[in-house]
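K.L.:
Got a structure for you, questions after.
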Amino acid sequence: MMASSRTIGDLFDTFERDAFRLETLDDYSRSGNVDAYRAFQAGQPQPDDYNADWVAELRSRTGQGKRVYRVHVLARPLTDYLRFELGWGYRKNMTGGEEFFILDITNAPNPLDGVPDFWLFDSTDTAVMSYDEHGAFTGANVLPAAEAEEFVSYREMALAHAVPFTEWWAKHGE
């Protein structure tokens, strides 16, 4: 995998149709809003302005007819972090138009075993996400467009095995 001079930020700024994210980890607690996660763990209510910047970003994209969606591969029981991400993050981000799907491998083999987290933009541009052993984001490797086809197939596999988040959450959420 060769790196590109483009960044994931460039891809977010320039995608025209859709941005897809595959999430495979059980814990991203050192990659995002650590204070919000601590508040969640302490049983505090979600602040009204939680994720406000991302929700505004989503609204600007989805308001232009662009699709932002993701599949999270997970197994139950949920980690504390996943309860936070799904209960606070996904439910809030849906208000900005982001779509979520769950690929639950609790009682099934993982059809994407070994596939890394990634963003795929317009089926042509891929950013492979890297994390350390503690779930802290360490960077994104933007791949040449010629490598996108492999990640398009991963996206299609993920979507074929996933269910809409709201349907899954109604059965397995809070």
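The values are calculated or read from the model by the stated rules, or taken from the named source; none is laboratory data. As the structure is a prediction and not an experimental result, all values here were calculated from the model. Positions of Cβ are generated from backbone atoms using ideal geometry, with glycine treated the same way; all protein chains shown enter the neighbour counts. Accessible surface is based on the protein model in full, side chains and every heavy atom, while ligands, DNA and RNA are left aside. Shrake-Rupley method; radii C 1.70, N 1.55, O 1.52, S 1.80 Å.
K.L.:
For the stretch 9-42, give me each residue that is under 17 Å from residue 131 (Cα atoms) and not in a loop (DSSP other than H, G, I, E, B).
P.N.:
21, 22, 23, 34
K.L.:
So, in the stretch 117-146, how many residues would count as being over 21 Å from residue 157 (Cβ atoms) and either assigned to a helix (DSSP H, G or I) or among the charged types (D, E, K, R) (or both)?
P.N.:
Final tally of qualifying residues: 2.
K.L.:
Out of the residues in the stretch 130-147 that are more than 15 Å from residue 10 (Cα to Cα) and hydrophobic (A, V, I, L, M, F, W, C), which is least open to solvent (accessible area, probe 1.4 Å)?
P.N.:
136
K.L.:
Hey, another quick one. Return a yes/no flag: does the stretch 66-75 have any residue that is in a helix (DSSP H, G or I), within 23 Å of residue 41 (Cα to Cα) and among the small types (Gly, Ala, Ser).
P.N.:
No, that holds for no residue.
K.L.:
Filter the stretch 148-174 for residues that are open to solvent by 50 Å² or more (accessible area, probe 1.4 Å), at pLDDT 95 or above and of a type in the set (D, E, K, R) and give the result.
P.N.:
Scanning the stretch 148-174 gives 149, 150, 156, 167, 171.
K.L.:
So, one more: On the given criteria, is residue 49 in a helix (DSSP H, G or I) and either open to solvent by 70 Å² or more (accessible area, probe 1.4 Å) or of a type in the set (S, T, N, Q) (or both)?
P.N.:
Considered against the rule, which asks whether it is in a helix (DSSP H, G or I) and either open to solvent by 70 Å² or more (accessible area, probe 1.4 Å) or of a type in the set (S, T, N, Q) (or both), residue 49 comes out as no.
K.L.:
Search the stretch 23-45 for residues that are more than 17 Å from residue 78 (Cβ to Cβ) and open to solvent by 80 Å² or more (accessible area, probe 1.4 Å) and pair each with any residue that is part of a loop (DSSP other than H, G, I, E, B) and not polar (S, T, N, Q) when their beta-carbon atoms are under 7 Å apart and the residues are at least 6 apart or on different chains.
P.N.:
Every condition considered, the pairs that remain are 30/134; 30/135; 30/136.
K.L.:
Taking residue 16, is it open to solvent by less than 70 Å² (accessible area, probe 1.4 Å) and either closer than 25 Å to residue 139 by Cβ or at pLDDT 95 or above (or both)?
P.N.:
Answer is no for this residue.
K.L.:
Residue under question is residue 114, and the condition is that it be closer than 16 Å to residue 24 by Cα, part of a loop (DSSP other than H, G, I, E, B), open to solvent by 60 Å² or more (accessible area, probe 1.4 Å) and not acidic (Asp, Glu); does it hold?
P.N.:
yes
K.L.:
Can you pull out every residue in the stretch 152-169 that is farther than 13 Å from residue 100 by Cβ and not basic (Lys, Arg)?
P.N.:
Scanning the stretch 152-169 gives 152, 153, 154, 156, 157, 160, 161.
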